[in-house]
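A quick write-up on the structure given underneath.
Values in this text are rule-based calculations from the coordinates and carry no lab data. Small disclaimer: the values here were computed from a predicted structure and weren't measured. Here the Cβ positions follow ideal geometry from the backbone for every residue, glycine too, while neighbour counts run over all protein chains shown.
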Amino acid sequence: MRIKLEDLNSLDLDLTFSCGQAFRWRKLENSWIGMVDDVLLKLQLENNYLNIQSSKPIHESRVREFFRFDDRLDIIIKKLNRNKEFKTISSSIKGLRLLRQDPWECLISYICSRNCKIMMINRMLCDLSKNFGEKVTWGNQTDYCFPSPKIISKSKLNELSRCRFRFGKTQANEVREIAKIVCSKELDFEKVKKMSYPEAKVKLMSIGHGIGNKVADCVLLFSLDKLESFPVDVWIARALVELYSQKFNSKLIDKIKRKQNLSPKEYTLLSDFGRQHFGKYAGYAQEYIYHWKRLRDGAC
């Protein structure tokens, strides 16, 4: 399968898969390999075409949905470039797209992401998939489907803990409890997707079990179509006080420079600033700023 792209700058696989939004994709020579649903994909860019090989048939519309090809990246970047600081950043980053991920996998990914580097997050999610997911073999490639909420909800805590969670049995229990809540439909992703951003965030955070401000904002942005969501982590906090120092008080700036944890109130202040400053595409601005900051500071 081949999908013709709008132009050469409408997709960069390296940027899109290495910018910290998805964790189970891997690069092999000049291709990227990973799972969409239960299908193992091998992706490669050639001029302005996306070449797709798959372990079994997958509809082109599903690939388009995953890459958010319904988003006109050129128009989005043009609107964000009205901000002079962002324009400087975007001039060196071309083709970074947000992905439309599966909400269940996205939620568990960001539960695992707390206080962890990307490599550790990848390890936990791969452990979880290998131990509880269905094996997919295609040629000389092997991967695993992400386990369903039903499978995780029925798992034994000692078995789940073998997935080397950062916070051991406590985190394993969080994952299992969230799976039970999803199975019970107390958390219905399709219903959350239809809510406004504020309502959706309140709903996610009401679940508890490790779903705080940042986890909720990441899930809303990367899987539930809330493009105004503006997650804040240490990289974004540092970037904001560097780019917009005049907008924040010296006490907060000093706290961020000292790498101290933000309070919920301080998180909300920074996240609200991002949404108000960048508008309905704040999530795209966030991801470009995140990648720029980490790249410039030598973190990727």
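List of remarks:
- Under-5 Å amide H pairs with Tyr144, H placed in peptide plane, nonlocal only: Val136
- The alpha-carbon of Lys154 sits under 18 angstrom from the alpha-carbons of these lysines, leaving out residues fewer than 8 places away in its chain: Lys130, Lys169, Lys180, Lys185.
- Using only alpha carbons, the stretch 234-296 has a radius of gyration to Kirkwood radius ratio (Rg to Rh) of 0.94.
- Summing Lys and Arg as +1 and Asp and Glu as -1 over all other residues whose Cβ lies under 11 Å from the Cβ of Gln286 gives a net charge of -2.
- For the stretch 44-109, trypsin sites (Lys or Arg not before Pro) meeting the loop criterion (DSSP other than H, G, I, E, B) and having at most 13 other Cβ atoms within 10 Å: Arg72, Arg82.
- Take the Cα of Arg26, go 7 Å toward its beta carbon, and the backbone nitrogen atoms of the stretch 115-140 under 15 Å from that spot belong to 119-131, 135-140.
- Segment Lys150..Glu199, full-extension length gain: 15.0 nm, with 0.36 nm per residue of separation and the alpha-carbon distance subtracted.
- Available extension along the chain between Asp70 and Asp38 is 9.3 nm, counting 0.36 nm per residue and deducting the alpha carbon span.
- Taking the stretch 241-300 as the region of interest, the number of lysine pairs whose Cα atoms are within less than 27 Å, with members eight or more places apart or on different chains, is 17.
- Alpha carbon centroid spacing (whole Å) that separates the stretch 204-221 from the stretch 126-170: 22 Å
- If you plug the beta carbon distance of Lys56 and Lys4 into 1/(1 + (r/R0)^6) with R0 = 22 Å, you get a FRET efficiency near 0.45.
- Stretching the chain fully between Asn261 and Asp14 yields a gain of 85.9 nm (0.36 nm per residue, less the alpha carbon separation).
- Check: the chain dipole with +1 on Lys, Arg Cβ and -1 on Asp, Glu Cβ, in debye: 760 debye
- Selection from Ser129, Trp25, Ile289, by position along the positive dipole direction of the chain (Cβ): Ile289
- What the Cβ-Cβ distance of Lys280 and Glu159 gives, at R0 = 51 Å and to the nearest 0.05, is a FRET efficiency of 0.75.
- Local electrostatic count at Glu159 - Lys and Arg +1, Asp and Glu -1, tallied over other residues with Cβ under 12 Å: +4
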